[in-house]
Amino acid sequence: MSTTPSTEKFDAVDVIVAKRDGHRLTDAQIDWVIDAYTRGVVAEEQMSALNMAILLNGMDRAEISRWTAAMIASGERMDFSGLRRPTADKHSTGGVGDKITLPLAPLVAVFDVAVPQLSGRGLGHTGGTLDKLESIPGWRAALSNDEMMAQLDGPGAVICQAGSGLAPADRKLYALRDVTGTVEAIPLIASSIMSKKIAEGTGALVLDVKVGSGAFMKDLDRARELARTMVDLGTDAGVNTVALLTDMSTPLGLTAGNALEVRESLEVLAGGGPSDVVDLTVALAEEMLAAAGRPGEDVRAALADGRAMDVWRRMIEAQGGDADATLPVARHTEQVLAPADGVLTRLDAYAVGIAAWRLGAGRARKEDPVQAGAGVELHAKPGDAVRAGQPLLTLHTDTPERFERANEALEGGFDVAAEAPAATPLILDRIAAS
Ligand code: URA
């Protein structure tokens, strides 16, 4: 028997049954169910059942587009059309040591493309961009829309907290999916990510879909399907969208942890830094510039000659940060040593991410604080020769009682062998509009 009030256009049970029986949902059903759920008319248990039916039976391209549009319509939409520059943004599905946004946003702004990067905090083993930047003394994540526009007009790049007005239906749905085993449904992941990105109002979008042990998507085929779904959604919404599939079987760069990653980003902005971080920053910057109508720029030169660093300083200072401040350092360190002579053949991203999290760099619940200085520093990457007893990792924390659990996370997380492994490419695939 229905529990839906008769003044409503549809009955939630009919929508659930339609998807359960493998039918496509109509535009009107989708618009209604998202709106009615946001208003509290569709009950949590009904939306749980519908999510599960979507996970099991899927949705076609037009259904996912409409579902995404309905989530966007649940909140506000930003408008950057008044800016004198085109806009481009990047979204990463999240990985260990993924600090790319930090050098990338100012680098792209060097070429007169504005970067409105609305970011989040970390939860679980992957870090959050805002947590990283908050290790810079004085830096402020929350900006008004006017402050954001002023920054896009001035330095040209802003990394700030997404306001609660963007796609509020997604926040409610995501929390529900988290506790009902339905996070993994590709239509739901794609619409969740893209509703926020499209509502943010960027003209061009580059997706960095991570693949491997430290990523949300462990498997290349599923990552490719997610990337294709998101690229189609962006394209259908008029956003010039492209995706790179990139390796996340080992951490990016040589650091995982908030201030540690800011320090490494500064090395990249100063023209140095680990080659994988530089290469991915450059590849994503080239994609963002091309998607925004500025192909063929010499992006590496802007890292080498300090132009990207200049934008970084202006961007940090505009948000109250002291670009010259000494970054926080953890009070205690402990080293993990190589067990034998040979080659490091594997250093697992997930193990390092969990260790960094247990050391205090991440949070288990949304309201938990993070330690700015905590994390893991790598002294070798897969393919490097190592000697027995040489430091492989340095663990950093303010609370030394955390070392034991971090070391447990790293047990079985790396291998040293006689033979070098075949090198894994950093960029595994590229998915463009079809
Ligand atoms: N990130 C999101 O924003 N939504 C998802 O569903 C998964 C990852």
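The values are calculated or read from the model by the stated rules, or taken from the named source; none is laboratory data. All values derive from a computational prediction rather than experimental measurement. Neighbour counts run over all protein chains shown; Cβ positions are idealised from the backbone, glycine included. Side chains included, ligands, DNA and RNA excluded: accessible areas come from the protein's heavy atoms. Shrake-Rupley method; radii C 1.70, N 1.55, O 1.52, S 1.80 Å.
What whole number of Å gives the distance from the Cα centroid of the stretch 393-428 to the Cα centroid of the stretch 339-358? The two parts, judged by their Cα centres, are 1 Å apart. Pairs spanning more than 24 Å between alpha-carbon atoms, out of 9/197; 172/197; 19/90; 210/381; 9/196; 19/366: 9/197; 19/90; 9/196; 19/366.
For the stretch 356-434, applying the loop criterion from DSSP together with a ceiling of 16 other beta carbons within 10 Å to the GluC sites (Glu not before Pro) yields 367, 411, 419. Going by accessible surface with a 1.4 Å probe and the largest first, 249, 195, 48 read 249, 48, 195. The magnitude of the dipole of the chain, with charges of +1 and -1 set on the Cβ of Lys/Arg and Asp/Glu and taken from the Cα centre, is near 360 debye. Computed from the Cα positions only, the extents of the stretch 332-417 along the three principal axes stand at 43, 22, 18 Å, in decreasing order. Taking the 1.4 Å solvent-accessible surface of the stretch 332-417 as the whole, the part contributed by carbon and sulfur is 49%. Across the accessible surface of the stretch 11-59, with the other protein chains kept in place and a 1.4 Å probe, carbon and sulfur atoms take up 54 percent. Solvent exposure of the chain, expressed per residue, is 40 Å² of accessible area, with all protein chains present and a 1.4 angstrom probe.
The overall shape of the chain is prolate: from the C-alpha gyration tensor, with semi-axes ordered a ≥ b ≥ c, the ratio a/c is 1.5 or greater and a/b exceeds b/c.
Applying a DSSP loop filter and a limit of 12 other Cβ atoms within 10 Å to the trypsin sites (Lys or Arg not before Pro) in the stretch 356-434 leaves 365, 366, 387.
Put the Cα centre of the stretch 202-245 next to the Cα centre of the stretch 45-107 and the gap is 10 Å. A cut-off under 11 angstrom between Cβ atoms defines the neighbours of residue 72, and their net charge, with Lys, Arg +1 and Asp, Glu -1, is +1.
Rolling a 1.4 Å probe across all protein chains gives residue 309 an accessible area of roughly 40 Å². Just check the stretch 296-345 against the gyration tensor rule for me: Cα atoms, a ≥ b ≥ c as the square roots of the eigenvalues, rounded for a/c under 1.5, and otherwise prolate or oblate depending on whether a/b exceeds b/c. In terms of gyration-tensor shape, oblate.
When +1 charges are put on Lys and Arg Cβ atoms and -1 charges on Asp and Glu Cβ atoms, the dipole computed for the stretch 337-434 relative to its Cα centre reaches about 300 debye.
Here the Gaussian network model covers the chain, with springs between Cα atoms less than 10 Å apart; of 415, 14, 89, 14 fluctuates the most. DSSP finds beta bridges in the chain, and of those with both partners inside it, around 55 percent are antiparallel.
Only helical runs count toward this figure. For the chain, summing -39,500 (n - 2.57) over DSSP H runs of n ≥ 4 and dividing by all residues gives -12500 deg cm²/dmol at 222 nm. Against the longest alpha carbon principal axis of the chain, how many degrees, from 0 to 90 and to the nearest 10, is the axis of helix 61-73 turned? The two axes meet at around 90 degrees.
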